[in-house]
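Inspection log for the structure reproduced underneath, given as structure tokens.
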Amino acid sequence: MGAYFVRKLIEAAAVCVAVSIIAFLLVQSTGDLAVAMGGLDASAEDTARLREVYGLDQSFVQQYLSWAGRVLHGDLGQSYFSQEDVLTLILERLPVTATLSVASLLLGLLISIPAGVYCAMKPDGWFDRSCLGLSVLGQAMPSYWVGLLLILLFGVTFRILPISGTQSAASYVMPSLTLAWFVFPVFLRLSRAGMIDVLSSDYIRTARAKGLSERTVLFKHALRNAILPVVSVATVQFGFLLGGSIVVESVFSLNGIGLLAWSAIQRSDYPVVQAVVLIVAIIFVLLNVVSDLLNAALDPRLTSEQ
Amino acid sequence: MTLSSTSSSRGKIPRLLPARLAGRTGFCIGLVLLTGFIFIAVFAPFIAPHDPYTQSLMARLKPPVWAGGTWEYPFGTDGYGRDYLSRLIYGTRISLIVGLGAAALATVIGTTLGVVAGVMGGYANRAVSFIIAIRLALPSLLLALAILQIAGSGVFVVVVVLAVTHWDRFAVVLRTASRQVASQDYVIRARAMGASEMRILRSEIFPNVLNHIVIIFTFEMAQCILAAAALSFLGLGIQAPEPSWGLMMSEGRAFLVINPWLITIAGLAIMLLVLAVNLVGDGLRDLIVPKGRS
Amino acid sequence: MNISSSTLDVRDLNVTIHTPLGPLAAVRDVSLNVNAGETLCIVGESGSGKSMTSLALMGLLPPAATPKATHLRFGDHDLTAGGRHAIEKLRGDRIAMIFQEPMTALNPAWSIGEQMVEGLMHHKPSLSRAQATARAIELLDACGIADPEPRLSQYPHQLSGGLRQRVMIAMALMTEPDLLIADEPTTALDRTISAQILALLKDLQKRLNLAIILVTHDFDVVRDVADRICVVYAGQVVESGTRAQVLGQPAHPYTRALLSCVPNSDADANTRLGFLPGVVPSLINSDDGCQFRARCSLAHDGCAQPVPVSTEADRQTIRCTLSMEDINNRYRDPVPPAAVKAEVSDDTQAMPALEVKGVVQTYEVRKGLFGTKGQVHALRGIDLGVRKGEVLGLVGESGSGKSTLARALLGVEAPASGEVLINGTPISKVDRKRRARLVQPVFQDPYSSLNPRRTVEETIRLSLDIHEIGTPDERRVDVKRMMDLCGLPARTAANFPAQMSGGQRQRVAIASALILRPEILICDEPTSALDVSVQAQILNLLKDLRAEFQLTFVMISHDLNVIRAMSDRVAVMYFGRIVEAGRGKDLFHAPKHPYTELLLGKLGQGEEPRKAVDFPNPLKPPQGCSFAGRCPRAQAKCAIDDPRLTKAGPQSAACHFPT
């Protein structure tokens, strides 16, 4: 178990380093940073001083190392636009996006897993067909379009839900529904396929041969193995939701990191974009480690040394 | 000795395709829809009633014909008075070109990486695993937006950016598939026959992983169409005045309350196209990989 | 035998499976009974319905299958009226079952202990967990698992296949059932492990007075354990009787033909095996007549009518339109022409066709991107010579390295050290195409050895295309000739592998290997995926081709009978080494290495290991003799000093204390 954990952590760290290099390159590729930092009305001397202070005259590797050093100390630079500390900006917005992601993920899982399991028990039944049809449809609908249709329906026609902002819990209902609709097909298909696969396996036949009740066979022997792939995909999807919330946050004007990143991109405020890319990637990598650990806890095959 | 020995259909026999089509409603619907979209895209200039770029201040925000409009503009007009139906028809071209182009480029990137990793194994495999891990860690939409902002938008850049963010599935699946095929005895047999490694790759391994490529291609094409529309919607994909469906929805947002049809119709168009591609992909998978084991 | 004491009595069991093409009669009119303390073997080839019968008895048929019986009695319970659900009440309690694949039959997510006690606690709710656990420990011990208590907290993946099957047996016996149904319980296991498992079953049966129904295709298993035998063909019982009756004086034409196909201890490289032409008919929409008539030499018009079962002397039954006497008078073993004796030079000085010198092969294993490295020692120093025109048999169990050696002999995988010489030249120095004309392979699995995207003709022609031999027309003629030689009908030329049977596929593989006219053929388990009657066809074909093309063979197999029936000389492999080598007749008659004795079942009484012993870890080979851990005669020296292959009688053996 220990060796397995250490190995996963080393892999995760290597990916983080690689991601940080890409994030660093992203800003490097945008042109002369000293000009960008100083603004258009800065004098030549000011620009030169900025260049010296930030080490922009140094070699590329040196620049990366000193940048990485600052990042490790929590200094992700300042916004070109508002001169605010980037980390502070992100930490302010992160709870909004996290709430949205967690809510939609839970909503998606709570609906799709029981539905998928039920589908697997009666494949090709009417319920199975409807669920599969719904998931094919769900995969084809752009998430922002679903969001806009929800706004039209609940915000404009019935006027029962707020169409933007984060003032109350109700503001999260439509955005969460939108994202949940988006993850539903993924989990439905996974849990359905996993369950069908497990139900046809030899060890389920063994459990039946022992004369166990159908309930024990289903819930004790089948479900746990069928749910394994869902666990790893759920954590990974959570990462995607964090990074992919841009669209939904912009549709509902939710003040999360997605909206922050989008407005930063539009303003060419690259330190903010860089920081969001870096942080979302690191969260994703950490979630993967968590997912590996969860899987290891559920599947004894992964950790033992033969 | 169970059922499988009597009803085994382990191989895939292309000659039986027409017979297997029967009873596959989803696949047939998908094929018909997709053919329709391709037809519209190819013959757009002959089908479209108006020029998609001509603005008319006199004819702004006309409703569709079923909501009180006229047959002059069957789907109404947008905020600049351009014929909505014509823009929708020309938009088919953009969606298909971007979807096909991005998926094709992603196929090349992902297949190459996956097959190299699967067949060579060892260090190549570990290097590709690492690249895949990095690709998955990076928030693709965010990165795509940033690259488009820095490099500028245009059909070509959008295609490249989408390909760079959509090749991972090819690599993951083809690595496993090609490794599995490479360990088959018929590959060792071909080697023992004196076939060169290139020939083995070309005529033993590639034909046997092609079905995976086709299936993932349809899936990723659908994803790329959706992602391209999302980029346009966020204002950083295909730029105005091009009739991109995502852009049309973005423009329609301002008139959400006055004329909801502007976003509804474009959204439906995207949904139908993606649905068609996905149905064809699902159908192909069922045709190639027979369902169930007994 | 007293009928009233039957543990299970079934009459006219039918299982019909509904397929899109029509009803498939998987089991028809099968009657059988088994008594306490008795083993009934249901023996048959693929498609005989033997597994469907056992699943029907357990009530575990897939939903598409419908069982029906006119009489079903279990002990004192008459279950005839209860239908499908009647038996479910007894399942796992009075009737237990073990399956073929020990690797997948246990749930990977639960510990051994949990999986063992749950069934017992379900059927006897009054029992405490401690009591159930105590019984589990007791049974694991009875099933030959050393130190059973810590095993309870282990997970299935931590155990070897043999251990898992022992756990399966222990698990099945938790509720003290009256009847144990074993469906191919040893098919997935190695020969030595399989012998242990069968001995264990017999031992437990004696102690518990258990009735056992054992379903198998393997006549070695039948010979070892059966009290009575049912021979099934295409869903029907064609013959039943005691072991002595069915094996000693088989009556039904199918049983006779099948038994003549089984290579026995009289078989050697110069005789052909028996012959059973044709294939099993489709069971979909089949008629009620004798299903064997299309392949039967005694068939007549009356065979298309339903055939009643007739009881002959001493309760031996046959399902045939002819009486046993008639069959005896009219049946003639199809005597195939004897194989031409191939020229093998006995001159030991002659240059060998193939020579292996100190070949070592290791593989690196690594976990994940930055995991720890390890080395699997697959071949640990192999020396071997194959003379021109001879058949060298290589015997070994899984993990012995025999397939690794095959790839080194083919030159497609370079060894870590040592070299393979072909006609005196190192194979690594031979040009790729030149090498292909010297040595060609035939592999085990006829599914994976043919590219599913090529037709038969394209597959056989491939070598000619690669080597650019002849014009397209000449190639076509050559392919046709080779198909003919290998017994492939010309109409199959355009078929894809998926449209052909396992035996036909193996013929395609052989034709494609021979089209270049190689000198040496490396056959890696060429028949282990095939039924015994098909195996006989393929082995006979190889014997004929050997004479026709003056071939040198390396025949690799885990099956001693196949090796015995094919080889002039034999080498026995264990854990990456050759432990014994010599002429077949010497080695089979008087083995020198205790491992060979174990394989041949010739270890003395009491020397057979009763407790399960594991194979050494290929990541850490032991310092001394690798067989010492399992050897009944191991002494202190064996644990320290690794024996080399030295002369022992007419053959050579790697043992400090050869017999």
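The values are calculated or read from the model by the stated rules, or taken from the named source; none is laboratory data. Since the model is a prediction, treat every value here as computed from it, not as a measurement. Neighbour counts run over all protein chains shown; Cβ positions are idealised from the backbone, glycine included.
Under the condition of being assigned to a loop (DSSP other than H, G, I, E, B) and under 13 Å from the mean Cα position of the chain (by Cα), which residue from region C:516-558 is farthest from C:Leu485 (Cα to Cα)?
My answer is C:His558.
Pull up region C:279-297, narrow it to residues that are at pLDDT 80 or above and either under 21 Å from the mean Cα position of the chain (by Cα) or polar (S, T, N, Q) (or both), then point me to the one that is farthest from C:Lys585 (Cα to Cα).
Here the answer is C:Asn285.
When the residues of region B:257-272 are filtered to those that are without any contact (Cβ under 8 Å) to a residue 24 or more places away in the chain and within 7 Å of chain A (Cβ to nearest Cβ), which remaining residue is nearest to A:Met141 (Cα to Cα)?
The extreme case among them is B:Met271.
Kindly establish whether C:Ala338 is modelled with pLDDT under 85 and buried (at least 18 other Cβ atoms within 10 Å of the Cβ).
No; evaluated as a whole, the condition is false for this residue.
Looking only at region C:280-304, count how many residues are acidic (Asp, Glu) and outside any loop (DSSP other than H, G, I, E, B). Break it down stepwise before answering.
Restricting attention to region C:280-304, the residues satisfying the condition of being acidic (Asp, Glu) are C:287-288, C:301.
Then drop every residue that is not outside any loop (DSSP other than H, G, I, E, B), which leaves C:301.
Number of matching residues: 1.
Please pick out the residue among C:Cys655, C:Cys631, C:Cys638 that is touching a helix residue (DSSP H, G or I) at 6+ places or on another chain (Cβ under 8 Å), under 19 Å from C:Ile193 (Cβ atoms) and either assigned by TED's automatic domain parsing to the domain that holds C:Val262 or modelled with pLDDT of 85 or more (or both).
Details: C:Cys655 fails: under 19 Å from C:Ile193 (Cβ atoms); C:Cys638 fails: under 19 Å from C:Ile193 (Cβ atoms).
One residue alone meets the criteria, C:Cys631.
Pick from region C:77-134 the residues that are facing another protein chain (nearest Cβ under 9 Å) and of a type in the set (S, T, N, Q): which of them is nearest to A:Ser201 (Cα to Cα)?
Ranking the qualifying residues of region C:77-134, first place goes to C:Thr104.
For (1) more than 14 Å from chain C (Cβ to nearest Cβ); (2) more than 14 Å from the chain's Cα centre (by Cα); (3) at pLDDT 90 or above, each residue gets a yes or a no:
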{"position": "B:Ile216", "(1), (2), (3)": "yes, no, yes"}
{"position": "B:Ala222", "(1), (2), (3)": "yes, no, yes"}
{"position": "B:Ala227", "(1), (2), (3)": "yes, no, yes"}
{"position": "B:Met249", "(1), (2), (3)": "yes, yes, yes"}
{"position": "B:Val274", "(1), (2), (3)": "yes, no, yes"}
{"position": "B:Gly281", "(1), (2), (3)": "yes, no, yes"}
{"position": "B:Val289", "(1), (2), (3)": "no, yes, no"}
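Quick one: which of C:Thr321, C:Thr271 is part of a loop (DSSP other than H, G, I, E, B), polar (S, T, N, Q) and surrounded by 19 or more Cβ atoms within 10 Å (Cβ to Cβ)?
Answer to the selection: C:Thr321.
Here is a check on your reading of the model: is C:Ala69 away from chain B (no Cβ under 12 Å) and either more than 24 Å from C:Ser310 (Cα to Cα) or in contact (Cβ under 8 Å) with a residue 24 or more places away in the chain (or both)?
Judged against the criteria, C:Ala69 is a match.
Which ones in region C:502-545 are hydroxyl-bearing (Ser, Thr, Tyr) and in contact with a Pro (Cβ under 7 Å, 6 or more places away or on another chain)?
Those that are hydroxyl-bearing (Ser, Thr, Tyr) and in contact with a Pro (Cβ under 7 Å, 6 or more places away or on another chain): none in region C:502-545.
Do we find that C:Glu101 is exposed (fewer than 15 other Cβ atoms within 10 Å of the Cβ) and closer than 14 Å to C:Ile169 by Cα in this structure?
Numbers: exposed (fewer than 15 other Cβ atoms within 10 Å of the Cβ): no; closer than 14 Å to C:Ile169 by Cα: yes.
No; evaluated as a whole, the condition is false for this residue.
Could you list all residues from region C:25-42 that are within 12 Å of another protein chain (Cβ to nearest Cβ) and at pLDDT 95 or above?
Matches in region C:25-42: C:Ile42 only.
Could you please find all residues in region B:139-185 being closer than 27 Å to B:Ile215 by Cα, in a helix (DSSP H, G or I) and within 9 Å of another protein chain (Cβ to nearest Cβ)? So that I can check it myself, show each step before the final result.
In the first step, residues of region B:139-185 are kept if they are closer than 27 Å to B:Ile215 by Cα; the result is B:139-144, B:155-185.
Restricting the remaining residues to those that are in a helix (DSSP H, G or I) gives B:140-144, B:155-165, B:168-182, B:185.
Hits for region B:139-185 are B:Ser140, B:Leu141, B:Leu142, B:Leu143, B:Asp185.
Scanning region C:135-155 for residues that are in contact with a Pro (Cβ under 6 Å, 6 or more places away or on another chain) and surrounded by 17 or more Cβ atoms within 10 Å (Cβ to Cβ), which turns out farthest from C:Gln196 (Cα to Cα)?
C:Tyr155
Within region C:626-639, how many residues turn out to be touching a residue at least 12 places away in the same chain (Cβ under 8 Å), crowded, with 21+ Cβ neighbours inside 10 Å and within 28 Å of the chain's Cα centre (by Cα)? Before you say what the answer is, go through the steps one by one.
Initially, region C:626-639 is screened for residues touching a residue at least 12 places away in the same chain (Cβ under 8 Å), giving C:626-627, C:629-633, C:635, C:637-639.
Now drop any that are not crowded, with 21+ Cβ neighbours inside 10 Å, which leaves C:626-627, C:631, C:638.
Subset that is within 28 Å of the chain's Cα centre (by Cα): C:626-627, C:631.
Of the residues in that region, 3 qualify.
Can you name every residue in region A:11-42 that is more than 9 Å from chain B (Cβ to nearest Cβ) and within 23 Å of the chain's Cα centre (by Cα)?
Residues satisfying the conditions are A:Ala13, A:Val17, A:Ser20, A:Ile21, A:Phe24, A:Leu25, A:Val27.
Return the residues of region C:144-174 that are modelled with pLDDT of 90 or more and either β-branched (Val, Ile, Thr) or in a loop (DSSP other than H, G, I, E, B) (or both); say none if nothing qualifies.
C:Leu152, C:Ser153, C:Gln154, C:Tyr155, C:Val167, C:Ile169, C:Leu173, C:Met174
Under the condition of being part of a helix (DSSP H, G or I) and closer than 16 Å to C:Thr659 by Cβ, which residue from region C:559-589 is farthest from the chain's Cα centre (by Cα)?
Across region C:559-589, the extreme among qualifying residues is C:Asp586.
I'd like the residue in region A:154-173 that is in a helix (DSSP H, G or I) and either of a type in the set (Val, Ile, Thr) or facing another protein chain (nearest Cβ under 10 Å) (or both) and, out of all such residues, is surrounded by the most Cβ atoms within 10 Å (Cβ to Cβ).
Here the residue is A:Gly155.
From the list B:Ile134, B:Ile205, B:Ile188, pick out the single residue that is more than 21 Å from the chain's Cα centre (by Cα), facing another protein chain (nearest Cβ under 7 Å) and within 24 Å of B:Glu220 (Cβ to Cβ).
Only one candidate qualifies: B:Ile134.
Tell me, please, whether a residue that is in a helix (DSSP H, G or I), buried (at least 19 other Cβ atoms within 10 Å of the Cβ), of a type in the set (Ser, Thr, Tyr) and more than 14 Å from every other protein chain (Cβ to nearest Cβ) can be found in region B:98-111.
yes
Condition (residue is out of contact with any Asp or Glu (no Cβ under 7 Å at 6 or more places or on another chain), away from chain B (no Cβ under 14 Å) and farther than 20 Å from C:Met97 by Cα) applied to region C:6-24: is it met by at least one residue?
Taking every residue of region C:6-24 in turn, at least one turns out to be out of contact with any Asp or Glu (no Cβ under 7 Å at 6 or more places or on another chain), away from chain B (no Cβ under 14 Å) and farther than 20 Å from C:Met97 by Cα.
A quick yes/no check of all residues on (1) acidic (Asp, Glu); (2) surrounded by 24 or more Cβ atoms within 10 Å (Cβ to Cβ); (3) farther than 21 Å from C:Glu597 by Cβ; (4) at pLDDT 90 or above:
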| position | (1), (2), (3), (4) |
| --- | --- |
| C:Ala536 | no, yes, yes, yes |
| C:Leu541 | no, no, yes, yes |
| C:Glu548 | yes, no, yes, no |
| C:Met555 | no, yes, yes, yes |
| C:His558 | no, no, no, yes |
| C:Arg564 | no, yes, no, yes |
| C:Arg569 | no, no, no, yes |
| C:Val572 | no, yes, no, yes |
| C:Arg577 | no, yes, no, yes |
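Among the residues of region C:403-460, which ones are of a type in the set (S, T, N, Q) and either in contact (Cβ under 8 Å) with a residue 60 or more places away in the chain or more than 7 Å from chain B (Cβ to nearest Cβ) (or both)?
Matches in region C:403-460: C:Ser403, C:Thr404, C:Ser417, C:Asn423, C:Thr425, C:Ser428, C:Gln440, C:Gln444, C:Ser449, C:Thr455, C:Thr459.
Can you find a residue that is facing chain B (nearest Cβ under 10 Å), within 21 Å of B:Arg191 (Cβ to Cβ) and assigned to a strand (DSSP E or B) anywhere in region C:463-483?
No; the residues of region C:463-483 include none that is facing chain B (nearest Cβ under 10 Å), within 21 Å of B:Arg191 (Cβ to Cβ) and assigned to a strand (DSSP E or B).
With touching a His at 6+ places or on another chain (Cβ under 6 Å) and crowded, with 20+ Cβ neighbours inside 10 Å as the only criterion, which of A:Ala207, A:Ala226 stands out?
Of the residues listed, the single one that is touching a His at 6+ places or on another chain (Cβ under 6 Å) and crowded, with 20+ Cβ neighbours inside 10 Å is A:Ala207.
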